[in-house]
Ligand SMILES: [Zn+2]
């Protein structure tokens, strides 16, 4: 009897595809067309096993953020401190991304575009950058001093997760 596939195997397929194409993809159900992240073998909405990876343009909005000031991962240590954001993509799923090129501290509601940065043939970083054309409309961004005083310890903030179900 064969061992059932483990979730990290299908997540590995997604990461390998994005590393090969340098393009953000997400899993989508070919029956009900809902986007799913992280990838699964069965659609959590309709139960179909007909799942495919589709490329996305990566637009979305920041729903949460934090600053990483310590990491044990040697690959991320040169970046410390760095901001990470949770982005709700236009297609629905939320992804966690490294914030880059923000003129000031990221804030909830900020329009962004998520791309991927291949780090190996099996891993990519998700990168979120402000969408300048959309950002020009203004989103009530905080100044750096306001933002630092408004920072909420991550333990007190709603826990962002890529595991949650679609609404
Ligand atoms: Zn479905």
Taking neighbour Cβ counts within 10 Å as the exposure measure, how do 18, 51, 119 sort from fewest upward?
119, 51, 18
With a point put 7 Å past each Cα toward its Cβ, work out how far residue 16 is from residue 32 in nm, to one decimal.
2.9
Considering all alpha-carbon pairs of region 1-106, what whole percent are spaced by more than 23 angstrom?
40
Computed label-point distance, nm, for sites residue 68 and residue 101 using a 7 Å Cα→Cβ extension
2.0
I need two numbers for region 7-55: Rg to one decimal and Dmax as a whole number, Cα atoms only, in Å.
10.3, 30
What is the gain in length, in nm to one decimal, between residue 57 and residue 108 on full extension, counting 0.36 nm per residue of separation less the C-alpha to C-alpha distance?
16.4 nm
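Rule-based calculations on the coordinates, nothing more; no lab input. Quantities reported herein were computed from a predicted structural model and do not represent experimental measurements. Note that we place each Cβ from the backbone using ideal geometry, even for glycine, and neighbour counts take in every protein chain shown.
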